[in-house]
Amino acid sequence: MVDDDPFWSVVRQRHADVTLVLLPEEPPPPDGVAAERADPDDVRRALDAVREVWAAVVQPLVVAQGVPDSPRERWREGPGGRAPVLQKSLVGIGQAAGEDVLRGLVAGLARRGWRLGPGARRGMSTLRATDGALVLDAVAGPGATVLTLAGASWR
């Protein structure tokens with residue numbers, strides 16, 4: 001799990017002598033308390049929406065950089081509920097190629113009517129885009145370009 005994470009993988013590389021222990025964000029419910037059950041249709045719709053945008057807009061740009069493998073899928077817990085997240089780190093493509101990926105994302109998402117927020121942070125190009133339900137965050141750095149697409153939250 002740590003090897004695929006853009007932050008923790010670097011920490012592990014630089015500090016191989018340190019043992020990393022990642023704890024869950026929230027403790028499990030106490031014994032005797034039933035966890036809320038999600039509607040399977042809500043779950044399917046949320047995940048399908050994220051996968052569709054990834055396949056149509058993001059994946060072709062990732063494959064063009066020579067990274068054909070699938071993104072990491074996970075669920076993020078937040079105050080609004082759970083949200084499906086797809087994430088891919090393009091390691092070693094360089095900042096210029098990463099910026100090309102971000103420009104491709106801008107073009108593809110603009111055609112879909114998304115609100116775009118390109119910017120920069122600490123010398124790295126960034127992009128935050130949304131269609132009102134889905135949110136894409138991208139950072140093009142010298143070591144890796146990280147693409148994160150999150151779906152709508154549901155309870």
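The values are calculated or read from the model by the stated rules, or taken from the named source; none is laboratory data. The structure displayed is predicted, hence computed values, not measured ones. Ideal geometry is used to build each Cβ from the backbone, glycine not excepted, and the neighbour counts take in all protein chains shown. These accessible areas exclude ligands, DNA and RNA; they are computed on the full protein's heavy atoms, side chains included. Shrake-Rupley method; radii C 1.70, N 1.55, O 1.52, S 1.80 Å.
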> Within region 124-145, can you find the residues that are charged (D, E, K, R) and within 17 Å of VAL62 (Cα to Cα)?
Replying inline: ASP137
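Considering every residue within region 97-108, establish whether at least one is under 23 Å from SER153 (Cα atoms) and in a strand (DSSP E or B). Walk me through how you get there before you give the answer.
Keep residues of region 97-108 that are under 23 Å from SER153 (Cα atoms), which gives 105.
Among the residues that remain, those that are also in a strand (DSSP E or B) are: none.
So far as region 97-108 goes, no, none of its residues is under 23 Å from SER153 (Cα atoms) and in a strand (DSSP E or B).
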>> Looking at region 142-151 only, could you name the residues that are part of a loop (DSSP other than H, G, I, E, B) and under 11 Å from the mean Cα position of the chain (by Cα)?
In response: GLY151
> How many residues, within region 21-57, are of a type in the set (A, V, I, L, M), modelled with pLDDT under 75 and open to solvent by less than 100 Å² (accessible area, probe 1.4 Å)?
Replying inline: 5
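Which of the residues that make up region 105-127 are among the basic types (Lys, Arg) and surrounded by 15 or more Cβ atoms within 10 Å (Cβ to Cβ)? Before the answer, list the steps.
Kept after step one, since they are among the basic types (Lys, Arg), are these residues of region 105-127: 111-112, 115, 121-122.
None - no residue of region 105-127 is among the basic types (Lys, Arg) and surrounded by 15 or more Cβ atoms within 10 Å (Cβ to Cβ), so the list stays empty.
Inside region 109-136, can you point out the residues that are touching a Phe, Trp or Tyr at 6+ places or on another chain (Cβ under 7 Å) and part of a loop (DSSP other than H, G, I, E, B)?
Pass one, region 109-136, residues touching a Phe, Trp or Tyr at 6+ places or on another chain (Cβ under 7 Å): 129-131.
Listed by number, the list holds a single entry, ASP131.
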> Yes or no: ALA56 over 17 Å from LEU149 (Cα atoms) and either touching a residue at least 40 places away in the same chain (Cβ under 8 Å) or assigned to a strand (DSSP E or B) (or both)?
Replying inline: no
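Counting only residues that are of a type in the set (A, V, I, L, M) and open to solvent by less than 30 Å² (accessible area, probe 1.4 Å), which one in region 128-143 is farthest from VAL10 (Cα to Cα)?
Restricting attention to region 128-143, the residues satisfying the condition of being of a type in the set (A, V, I, L, M) are 129, 133-136, 138-140.
Next cut, open to solvent by less than 30 Å² (accessible area, probe 1.4 Å) only: 129, 134, 136, 138, 140.
On the way: ALA129: 26, LEU134: 28, LEU136: 23, ALA138: 18, ALA140: 16 Å.
Restricting to residues being of a type in the set (A, V, I, L, M) and open to solvent by less than 30 Å² (accessible area, probe 1.4 Å), the top hit is LEU134.
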> Does VAL139 qualify as being outside any strand (DSSP E or B) and free of Cβ contacts under 8 Å to residues at least 60 places away in the same chain?
Replying inline: no
>> Take the residues in region 59-92 that are small (Gly, Ala, Ser) and assigned to a strand (DSSP E or B); name whichever of them is surrounded by the fewest Cβ atoms within 10 Å (Cβ to Cβ).
In response: GLY78
